[in-house]
């Protein structure tokens, strides 16, 4: 994720398996997860975030553009190269790299 530092891009995680915030922080540190992650409240998988976003399973990964529109979604862990390719494409669009000139 270091290669994305300073680029117009952010990753957010949502934990829907019932970790309390302090527990989640420990899990993230152990797994070396560099992005922000939040704990959903309520019954596992049925908290307000999981319900609104219609999480089918965990993990589920979403990539949002700068307007908050879901551009990519994976149920289960995508291969790193697959996620990197999607992020790179989105960042290039956001930065105006590779767009047709008019």
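Residue under question is residue 42, and the condition is that it be surrounded by 11 or more Cβ atoms within 10 Å (Cβ to Cβ), farther than 28 Å from residue 6 by Cβ and free of Cβ contacts under 8 Å to residues at least 12 places away in the same chain; does it hold?
The answer is yes for residue 42.
Consider residue 34 carefully, then state whether it is exposed (fewer than 13 other Cβ atoms within 10 Å of the Cβ) and within 23 Å of residue 91 (Cα to Cα).
Yes, satisfied.
Any residue that is surrounded by 11 or more Cβ atoms within 10 Å (Cβ to Cβ), more than 21 Å from residue 3 (Cβ to Cβ) and at pLDDT 80 or above - is there at least one of those in segment 79-98?
No, segment 79-98 contains no residue that is surrounded by 11 or more Cβ atoms within 10 Å (Cβ to Cβ), more than 21 Å from residue 3 (Cβ to Cβ) and at pLDDT 80 or above.
Among the numbered conditions (1) within 14 Å of the chain's Cα centre (by Cα); (2) closer than 16 Å to residue 83 by Cβ; (3) modelled with pLDDT of 80 or more, tell me where residue 1 comes up short.
(3)
Limited to segment 56-68, what total is found for residues that are surrounded by 11 or more Cβ atoms within 10 Å (Cβ to Cβ) and under 18 Å from residue 83 (Cα atoms)?
Within segment 56-68, residues that are surrounded by 11 or more Cβ atoms within 10 Å (Cβ to Cβ) and under 18 Å from residue 83 (Cα atoms) number 9.
The values are calculated or read from the model by the stated rules, or taken from the named source; none is laboratory data. No experiment lies behind these values; they were computed from the predicted model shown. Positions of Cβ are generated from backbone atoms using ideal geometry, with glycine treated the same way; all protein chains shown enter the neighbour counts.
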